[in-house]
Amino acid sequence: SESIRADKWLWVCRFFKTRLISVKMIKFGKIRVNGRKLTKVSSLIRVGDVITLTKNNEILVVRVLSWPARRGSAKKLQDWYENI
């Protein structure tokens, strides 16, 4: 697959503790992909996309490198995205 749902990618990559929190952050317009606010949970994330989000009062900007088939260990995070 060449893309993944935004809510799933955010949860799998451990930006948020639950997928429900990922959904809420997208619905509230707190996530940007390539500079555009996401408004739909079903929006797709692709390799190379730049994602901007806030977490713990910190702005994070990351580039998508890949995604895992399932949520795994935090040790693998550097394989899935890079901080910009």
Distance in nm between pseudo-label sites at K75 and L60 (7 Å out along the Cβ direction from Cα): 2.0 nm
Normalising by the residue count of the chain, find the relative contact order in percent from Cα pairs under 8 Å and 6+ residues apart. 26 percent
Those trypsin sites (Lys or Arg not before Pro) in the range 1-64 that DSSP places in a loop and that have at most 12 other beta carbons within 10 Å: K17, K40
Helix-only mean residue ellipticity at 222 nm, the chain, DSSP H runs n ≥ 4 weighted -39,500 (n - 2.57), per residue, nearest 500. What is it? -6000 deg cm²/dmol
Report the net charge of residues surrounding T52, where surrounding means a beta-carbon distance below 13 angstrom and charges are Lys +1, Arg +1, Asp -1, Glu -1. +4
Under a straight-distance cross-link criterion of Cα-Cα below 18 Å, which aspartates and glutamates are reachable from K40, leaving out those fewer than 8 residues away in the same chain? D7, D49
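Throughout, read-outs are computed from the coordinates displayed, never taken from laboratory work. The structure displayed is predicted, hence computed values, not measured ones. All Cβ positions, glycine included, derive from the backbone under ideal geometry; neighbour counts span all protein chains shown.
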